[in-house]
Each structure stands twice: as structure tokens, then as C-alpha cells.
Amino acid sequence: MIAWIVPALMSLAVAALIGLAVMRARAASAEAEDAAQDLEIYRKQLDEVEKDRARGTIPEDEAERLRTEIARRLIAADTRAAGTAAASEPTRLRPALVIGMLALLVAMPLALYARIGAPGYGDLSLRDRLSAAQERRETRPDQQEAETAAAEMTPPQAEAPPPDFEALIEKLRIAVIERPEDLQGQQLLARNEAALGNFRAAYAAQEAVLSIKGAEATADDYLAYADLMILAAGGYVSPQAENALRAALARDPENAPSRYYLGLMMRQNDRPDVAFRLWDQLLRAGPEDAPWIPAIRAQIDEVAMLAGVEYEQPLPAETLSGPTAEDIANASDMTAEDRAEMIQGMVARLSDRLATQGGSAEEWARLIGAYGVLGDVTRARAIAAEARQVFAAQPEALERIAAAEAGLPEATPEVAPDAEAATPAPVPDSTPDSTADTEPPAAQPTPLDPATPAPEQPLPLDDGASADPQEQAPAE
């Protein structure tokens, strides 16, 4: 209610000021008209005095006195008329201006509120909004409802498989029905049904895989199950898919595809703030060629805007890979000084990127090791201290940093100037193994396309994802 009262009072105050200005302008205009009438009267009086003098009705001295008095009044009236005329001249346009200002005063707030407001919607505190979001989340569409809605959208038909391939798949289906506990058969069926676009049958087979493996099911197994359900629902993350994603993260908190999908669920459920935090961490951690990075880059600007964050995407991070075979062949022909200079350049680029854009614990560990190989142990230990501050809330990352620091030599060795001296080793391959382990199976399509349709109604979610693993950027 206050949101209506305050603007209404402000509008009335402005209207009162404008009305007062109009009233003053009208008063000045009336005074100017009175002064003009006085001038006309005094001129006529002068004419009458002159006529009376000519006829001899009044003596000459009396006529002179009357002319002087009337002339004095005429001058005073003329001065008053000139002043009021100058003051009232601009007021001729004021009525139109007033009408225009009042129209804008009323129309602009109404138009703005009609666009971004919610007439009749009561004020809600943050606590009330979160409570309402939690309630809507608990009643949002399940997997079956989402699949029904997705089927009505009539997606483009996939090309029919070759007859011999279709026959093999049919034999595989029959074999799995006869031997439901055949793990390899269920895995093959899940992959091939997904390749055919039969995502519902694919996730049913993957569900059987989880049942067969039981407690030995991995994060990738649960990720594949969630991935297939999301595909079957047209890109919508249902409560069942969410449960599978959380099961994957419980087994591997750094599982990047699961974290991407969890962020997608947050966005679909009207929680862009949580989605932004998750996606920004993944974007900074990389690698740039991961399948979820293009999808994040296509959506994160809008998500940041909805979350009320001023955001600029970090530049694509350079892949921290080791030297190629060609680099090694070229380095064999270099002198010790040239090889050291080449490696120092690689390490310097990595250091600059981590300082400006952040990175994963694996990248920090490789930087520590690289400085140790170069013999700059002091710098390596300083980097390790900074990394401990960056990853203070991530025990697994701290263990990786501690392992890298433990591998440093006790003393700083000197690099011999001649070619016979020990040369620094190439920077190890920096591509985190965990990335390859957490990517969705290559044979299965993945809905990492920002154009994937989502349910029309927003489905708010609580802040439960705040416990998910986070990667932080280093302090500059």
C-alpha cells in the first residue's frame, strides 16, 4: 500500500506547485489588462481637458494643472502596464505546458508500473519470498508431467536408423528383458537408446544400471541417469533428476556437469542468484573446451542481470597443457638458457592468468610445482600461501596444494649457465583429469544448449545449493 501512497502524494505536491504557478500567471495577466484600461482612460481625459480649454470652459492655469496631474497618472499606468506585460508574456504557453506535464506525471508512473509492477500483489519480505519459493518448488512438475509437456512440443524427428542397426537394438532389448541383471547389456541399451533419441527408454535402462551396481554406483552413473531424464523432459530438471544430481555430487563434489545442471535447475526455479554463483565458479575453473562452458557463456549475462549483479565474463582461459611433441623436439635443439627462458614464459603466463581470472586447485598446484622446478622455491611457497587463502573453505583443494608444496626442494638450487647443467623440466600437463572423468558419455546427447526450452512458470527454489562445492578466484 505504501508503494501507492508515496507516489500519489508526490504527484499531488508537484501538481499543487504547477497549479500555484498557473494562478500567479493569471493574476499577472489580469493586472496587465487593468493597466491597459487605465492608460486608455487617462488619454481620453487629456483629450477632454484640451477640448474644454479650447472652448474656454476652464481657465488656462486650471487646464495646465489638470494636464500635469493626468500626465503623472498616465506615466505611472504606462510603467505598470509595461512591467506586467513583460511578466505575463511567457504565460501564454503555460496552460499547454501545464496540461502536458500533468499528463506525463500521471501516464509515466502508470506505464512503468504496468510494465514492471504487479498490481494487487502484496508486499513480501525476503523470508516470505523464500518460503513461497520453497512451497512452489515442492509442488513443481515431476518427471512424468515434464515429459508429457515436452512431447506436446513435437520436437524434430530424428533420422531413422539403418535396418540392420534397428534389428540389433531390438535383439538387445529382448536380451535385456530376459536377463535384467546383465550390467553390460543395460549399459549398452542405455547408450544406444539415447543415440536413437529414445531418452525415456534410455534412462529406464540407466536406472537398472544403478540398481545392479547398488552402493558401487559412481557419480558418473548418477550423472548419466540425470542427463537422460533431463533430455527426456526437453531440458527441464525435474525433482527426480535433481535427486540424481545430488547423489552424483555426494559421491564427487567437484563433478562439473552435475554442478552445471544444478545451476540450470536453479535458473528454471527462479533462483538466478544461486545459478550465477555455480556457473561463475565453473566458468572460471574451465577448461574452456568443456561442453558446459559455451552453454554457461550464452546464459550467464542474463542470469547475472536477474540476480542483480554487475558482471563481465572472464576471458577464455588458456589451457594449461604441457608442451607438445613439437615443442619438445624444438627444445632439444635449444641451449639451457633458451629452454629456461621458454619455460619461464609459460609459467609467467599461467601466473598472470591465475592472478587476474582465478583457476582450479590443480592449476595452482601446477604453478607451485613449476616454480619449484625453476628453482624459485621462495616464490613457490608464496604462491602456496596465497592458494591456501583462496581455497580455505575447500579441504580437498587444500590437500592438493599441500601435496604440491611438500614436493618442493628444501633449498633453492642454482641453475648452471652451461649446457651440461640440469635444465628445468617442462611444465606438466595441466588438464585436470577430473574433467575427463566428469564429462557426460560421448555417445549420449547432452542438453547443454541455452535454447533448450524450460517450463513457462517460474519454479523458485530454496538456498539449499549453497553447500555445493565452490571454487574461488585468487586475490590479486
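Bear in mind that the values in this text are calculations on the coordinates, not laboratory data. Note that this is a predicted model, so its numbers are computed, not measured. Positions of Cβ are generated from backbone atoms using ideal geometry, with glycine treated the same way; all protein chains shown enter the neighbour counts.
Annotations for the structure displayed:
- Taking 28 Å as the straight-line reach from the Cα of LYS213, the lysines in range (excluding those fewer than 8 positions away in the same chain) are LYS171.
- Simple label model, 7 Å out from Cα along Cβ direction - GLU166 to GLN389, nm: 6.5
- FRET E, pair ARG246, ALA151, Förster distance 22 Å, beta-carbon r, rounded to 0.05: 0.25
- The slack in the chain from LEU102 to ARG65, taken as 0.36 nm per residue of separation less the alpha-carbon distance, amounts to 7.8 nm.
- Just so you know, the Rg over Rh for the range 120-246 is 1.11, from Cα atoms, with Rh as the Kirkwood radius.
- Here the range 231-252 is scanned for amide nitrogen atoms under 13 Å from the site 7 Å beyond the Cα of ASP142 along Cα-to-Cβ, giving 238-241.
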